[in-house]
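Q: Here it is, the structure in full.
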Amino acid sequence: MFCPSCGAVNERDAEKCSKCGKPLPRLTPAGELENIPTPSAAGVNSGVSSETIPGSAGPKAGSPGSQYSFTSQPDGYNLPYQGYTPPPGYVPPPPPGYAPYYNYSLPVDRVGVAQVEVGFWPRLGAYVIDNIITSFITGIVFIVPLIAYSASFFSRHQTELLQYCDNTAYGYSDTACRQTLENILVKSGELGGFVSIVVGLVFLATVLTVLYYTITTARGATVGKKVFGMRVVTADGQNIGFGRSLLRHTVGYFVSGLVFGLGFLWIGFDPHKQGWHDKIAGTYVVRN
């Protein structure tokens with residue numbers, strides 16, 4: 001949930017804003033606002049300015065930080081978004097008039113939080129940190145099995161290798177050593193086993209990298225994004241969840257990187273700082 005006063009992202013069930021400390025509106029399990037302001041409380045036809053309307057303190061509708069919207073109707077009264085059913089006996093007041101209606105299901109570009117969306121360069125910095133972490137993890141995944149395989153390979157073919165590939169021995173020949181290695185790899189079937197191990201390690205490293213990004217982002221942000229004070233959210237400010245995160249970091253990343261990484265560079269040009277992977281998954285990167 002976004003704070004209607006400062007625009008900060010909060011947990012859905014939070015009672016107070018973690019940034020400004022002001023009380024947050026309560027939402028029903030269906031995501032609708034509880035205790036919608038009545039026309040009288042909103043100052044309809046009473047000459048009360050929007051500054052004194054309950055819940056209207058802070059940025060005005062449509063301005064950065066605002067989390068409410070006004071829907072002008074022909075009769076001059078603002079009706080809630082589609083899906084809201086007025087209570088029995090409710091009669092709209094005569095024009096002119098207006099009433100604020102908080103709608104946390106609106107996408108980010110309509111609730112005016114453009115100032116907290118994060119652009120290309122901070123996200124690049126976060127990616128560098130995350131890439132260092134994943135490179136360290138995948139490096140261990142590669143190094144340990146390859147060392148074990150190399151030790152096993154040498155023990156199985158120790159006699160031949162020492163006979164022809166010991167460069168300190170008398171009569172050592174590069175040609176003889178290379179021929180010996182080729183015979184071992186081809187005739188003994190070692191080459192197929194080595195290729196299978198490398199392919200398996202590449203697959204495992206890819207899976208671990210995807211899981212790192214998917215799991216950490218599903219919970220809010222990767223380590224790199226946390227360092228830069230970012231968070232990946234849905235349109236209503238919630239954590240994106242595992243499924244949406246998996247879509248973002250598989251299909252989304254593949255599409256973004258397909259044409260010379262244009263989908264990632266798009267972040268620098270998009271009005272809401274979304275890459276193609278963000279648009280595919282319906283996600284936004286905002287200041288935490």
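The values are calculated or read from the model by the stated rules, or taken from the named source; none is laboratory data. Because the structure is predicted, anything quoted here is derived from the model rather than measured. Glycine also receives a Cβ, built like all others from the backbone with ideal geometry; neighbour counts cover every protein chain displayed.
Q: List, please: which pairs have Cβ atoms under 9 Å, are six or more places apart or on different chains, and start with a residue in segment 202-226 that is over 13 Å from N288 (Cβ atoms) and without any contact (Cβ under 8 Å) to a residue 12 or more places away in the chain and end with one that is among the charged types (D, E, K, R) and assigned to a helix (DSSP H, G or I)?
A: Short answer, once both residue conditions are applied: T216/D130; T216/K225; T216/K226.
Q: Continuing with the same structure: Which residue pairs have Cβ atoms under 9 Å apart, sit 6 or more places apart or on different chains, and have a first residue in segment 268-279 that is at positive phi and a second that is buried (at least 21 other Cβ atoms within 10 Å of the Cβ) and β-branched (V, I, T)?
A: Every condition considered, the pairs that remain are K273/V118; K273/I267; K273/V285; K273/V286.
Q: What about V223, is it within 25 Å of D13 (Cα to Cα) and crowded, with 20+ Cβ neighbours inside 10 Å? Give the derivation first.
A: Working: within 25 Å of D13 (Cα to Cα): yes; crowded, with 20+ Cβ neighbours inside 10 Å: no.
When the stated conditions are applied, V223 does not pass them.
Let's see how each residue does on (1) within 20 Å of the chain's Cα centre (by Cα); (2) modelled with pLDDT of 65 or more; (3) assigned to a loop (DSSP other than H, G, I, E, B):
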residue: S66; (1), (2), (3): no, no, yes
residue: D75; (1), (2), (3): no, no, yes
residue: L79; (1), (2), (3): no, no, yes
residue: W121; (1), (2), (3): yes, yes, no
residue: A126; (1), (2), (3): yes, yes, no
residue: T134; (1), (2), (3): yes, yes, no
residue: I140; (1), (2), (3): no, yes, no
residue: T159; (1), (2), (3): no, yes, no
residue: D166; (1), (2), (3): no, yes, yes
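Results for (1) surrounded by 15 or more Cβ atoms within 10 Å (Cβ to Cβ); (2) over 24 Å from S18 (Cα atoms); (3) under 11 Å from the mean Cα position of the chain (by Cα), shown as yes or no for each residue.
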site: G229; (1), (2), (3): no, no, no
site: V232; (1), (2), (3): yes, no, yes
site: N239; (1), (2), (3): yes, no, yes
site: L246; (1), (2), (3): yes, yes, yes
site: V251; (1), (2), (3): no, yes, no
site: H272; (1), (2), (3): yes, no, no
site: D278; (1), (2), (3): yes, yes, yes
site: A281; (1), (2), (3): yes, yes, yes
